[in-house]
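Single-structure report; data block below.
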Amino acid sequence: MPPVFLRYARLLRTQLSIASTLAMQYRFDFVLKGVMALFWMALTMVPLLVVYAQRTSVAGWTYPEALVVLGWFALLKSILDGGVTPSLNMVVEGIRTGALDFVLLKPADAQFLVSTARFEPWRIFDLIGSLVILVYAFRRLGHAPAPAHVAAAFVLLAVAVLLLYSIWILVVSASFWVVRVDNLSYLFGSLFDAGRWPIDVFKGALRFVFTFVFPLALMTTYPALTLLGKLTFGSAALVVGGGLAFTALARLAWRGAIGFYTSASS
Amino acid sequence: MHALDGLAFDIAAGQRVGFLGPNGAGKTTTLKILSGLLHPSSGEVTVAGFRPQARAPAFLKTITLVMGQKQQLLWDLPPAETYAMNRALYDIPRKEADARLGSLVELLDIGDLINKPTRQLSLGERMKCELVAALLHGPKVLFLDEPTIGLDIAMQARIRQFIRDYNEAHGATVLLTSHYMEDVAALCPRVIVIDKGHLIYDGELKELVHRIRPDKRITIRVSTPADPEVLARLPNLVSHTDNQLVLSVPLPRVNEVVRDALASLAAIDLTVEDPPLEEVMRELFASHQQKRQPA
């Protein structure tokens, strides 16, 4: 393995160990947050239950199929909330307070450092909850997903995480100029929430936006289709291509943004 | 509007230099440019052979920046965790890191602190732990921005001594800003003074004091209040109380004035010093202001 890779693996391990030491400092908090997470997870099912109480199919999606999208959405959200958002919220704060100084002074890639600074291990409860939803959905469907489809879905999961992460980096890059991005990250959260619905629910402009601009379709609907064995090769290629394009764009934006860092004066 | 304008200076390796100026002069901005945090809009900066803004890993391993008002220690965890993180970040072999940590901890006497959560440490204790985090990688260039701010006198003296020891032991270059003139007087043979982003003095501290305030300061403690007649005869009386008089005297006249004072006053103690650095700086900035805005 190349030494650079090993070095960053070692850094990641150190960052993870610090994050878990931090989490374990407040053990009661850890459990409490876990319980709250499960409660919220149950609550996110309500809109779906309400809609399907009236009809058996929405935009061509049956209740269990829509549940697969929802389960996938919850899975992705748990990874996002546990592994991506905490760090990147810290960057936004660090840009405002000047705490980013110490990150930029370290002889390691700054984007890597800011992206791995914080984890919220208790999000594991959300992750388990999302898996429960997925298992329940497939029981309702009456069959298990094919192993090949599960493998493909995992690839798409990695791409979806990359996509979300890249969009977050774009938001963070913007904060070097505008400094206060509370609204931007709020917008991000609200938009992401739309990912709980299959893309076919949206029509016209919204559908275009959610496929190409803020590619929710690539993150939740397409992977769900993969699990259901319905994704075409073209759509899969679109997901991977989109993921790579967003990653490159985010990297460029980040590199450009650092030059605009003004550092809060002391 | 430029924060810095036409600022130029060279610092040789191993020098300790004080970087002075009133609030908003551009001291911190300069340190941040030198350490690669801020990108200058124009001009050229070289530190230890590197262009700071490129943030090359080899450059970042050569320098450190300590900011008295910001901290890198993880708030909820003991300093030891930050040290472990920095060891990984700077790629320091474990043996080397342990040895250096051991000697830094001993020098600063913080053995019992590094395993306590940072949030439980006092400001002074935190600064000592902060210095260890900043020096664990053995930097050759130290940018210190108000490293003693908010600390009590004893702690300031302790940190000062530590910085001097580090400089001497490692031949490290030190560029220091401080509001406490004692820091500068004790540590820096050379000072660079800037105001509103412009260089107004670069040279020996002694020379600056001599140029701005060539007079010596004579302080005489007396056992009985001085006679008003005697007081009237004394040259350049700066201040006086019943038990202390302070005179400002040109160097060639010091001997004569001391002799006279001892003869005419009930002196119990007498010191001859340079005028306080604060006063020198105040006068330097005032004269610079006048030059910039001719009446």
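Observations on the structure shown:
- Comparing the full protein assembly with the isolated chain (1.4 Å probe, heavy atoms, ligands and nucleic acids excluded), the residues of the stretch A:99-115 losing at least 40 square angstrom of accessible area are A:D101, A:F102, A:L104, A:L105, A:K106, A:P107.
- Net charge contributed by nearby residues that have their C-beta within less than 11 Å of B:D183 (K/R +1, D/E -1): +1
- In the elastic network of chain B, a GNM with C-alpha springs shorter than 10 Å, the most mobile of B:A172, B:A80, B:A266 is B:A266.
- Apportionment of accessible area to carbon and sulfur, chain B, percent (1.4 Å): 51
- Taking all protein chains into account, the per residue accessible area for the stretch B:16-208 stands at 39 Å² (1.4 Å probe).
- Given charges at beta-carbon only (K, R positive; D, E negative), |dipole| of the stretch B:214-273 in Debye: 160
- Listed values for the stretch A:17-23 are Karplus-derived 3J(HN,Hα) couplings in whole Hz (6.51 cos²θ - 1.76 cosθ + 1.60, θ = phi - 60°), namely 5, 5, 4, 6, 4, 4, 5, and x replaces Gly and Pro.
- With respect to chain B, whose longest principal axis is taken over its alpha-carbon atoms, helix B:123-135 is tilted by about 60°.
- Among A:R140, A:R96, A:R123, the largest mean-square fluctuation in a Gaussian network model of chain A (Cα springs under 10 Å) belongs to A:R140.
- Two-site FRET efficiency, B:E229 against B:A157, from Cβ-Cβ distance with R₀ of 41 Å, rounded to 0.05: 0.45
- Here is the interface size for A with B: some 2700 Å² of accessible area buried, both sides summed, with a 1.4 Å probe.
- Estimated from helical segments only, the mean residue ellipticity of chain A at 222 nm is -23500 deg cm²/dmol, where each DSSP H run of four or more residues counts as -39500 (n - 2.57).
- Using a probe of 1.4 angstrom and keeping all protein chains present, the accessible surface of chain A works out to 47 square angstrom per residue.
- Rounded percent of accessible protein surface that carbon and sulfur make up, the stretch A:3-258, 1.4 Å probe: 72
- Between the stretch B:183-204 and the stretch B:33-104, the alpha-carbon center distance in angstrom: 24
- In the stretch A:1-41, burial by the other protein chains removes 50 Å² or more of accessible area from A:R7, A:I18, A:Q25, compared with the chain on its own (1.4 Å probe, ligands and nucleic acids ignored).
- At R0 = 51 Å, FRET efficiency that the Cβ-Cβ distance of B:A48 and A:R27 yields, to 0.05: 0.65
- Ranking B:E279, A:E65, B:E96 from most to least accessible surface, computed with a 1.4 Å probe over the protein chains only, gives B:E96, B:E279, A:E65.
- Area accessible to solvent at B:E229, 1.4 Å probe radius, in Å²: 140
- Candidates A:V161, A:V239, A:V35: whichever shows maximal mean-square fluctuation once chain A is modelled as a Gaussian network with Cα springs under 10 Å: A:V35
- Cα-based convex hull, the protein assembly as shown, per residue volume (Å³, whole number): 215
- Order of exposure, largest accessible area first, which applies to B:K128, B:K206 with probe 1.4 Å: B:K206, B:K128
- Neighbours of B:L265 by Cβ distance under 15 Å: Lys/Arg scored +1, Asp/Glu scored -1, total -3.
- A helix-only calculation puts chain B at -12000 deg cm²/dmol for mean residue ellipticity at 222 nm, using -39500 (n - 2.57) for each DSSP H run of at least four residues, averaged over all residues.
- Relative intensity, log₁₀ I(q)/I(0), of the stretch B:16-208 from a Debye sum that treats every alpha carbon as a point, q = 0.15 Å⁻¹: -0.93
- Cross-link check: pairs A:K106/B:K27; B:K27/B:K196; A:K106/B:K196; B:K32/B:K61 evaluated at a Cα-Cα cut-off of 18 Å; pairs beyond the cut-off: A:K106/B:K27; A:K106/B:K196.
- Considering only alpha-carbon pairs that sit under 8 angstrom and 6 or more positions apart, the relative contact order computed for chain B is 21 percent.
- Reach of B:K291 by Cα under 18 Å, taken over aspartates and glutamates that are not fewer than 8 positions away in the same chain: B:D5, B:D195, B:D202, B:E283
- For chain A, the longest principal axis of the C-alpha atoms and the axis of helix A:147-178 are separated by about 40°.
- Among residues other than A:R7 with Cβ under 13 Å from its Cβ, the summed charge is +2 (Lys and Arg +1, Asp and Glu -1).
- Additional length obtainable on full extension of the chain from A:A174 to A:A146, 0.36 nm per residue less Cα span: 5.9 nm
The values are calculated or read from the model by the stated rules, or taken from the named source; none is laboratory data. Since we're looking at a predicted model, the values are computed, not measured. Glycine also receives a Cβ, built like all others from the backbone with ideal geometry; neighbour counts cover every protein chain displayed. The accessibility values were calculated without ligands, DNA or RNA, using every heavy atom of the protein model including side chains. Shrake-Rupley method; radii C 1.70, N 1.55, O 1.52, S 1.80 Å.
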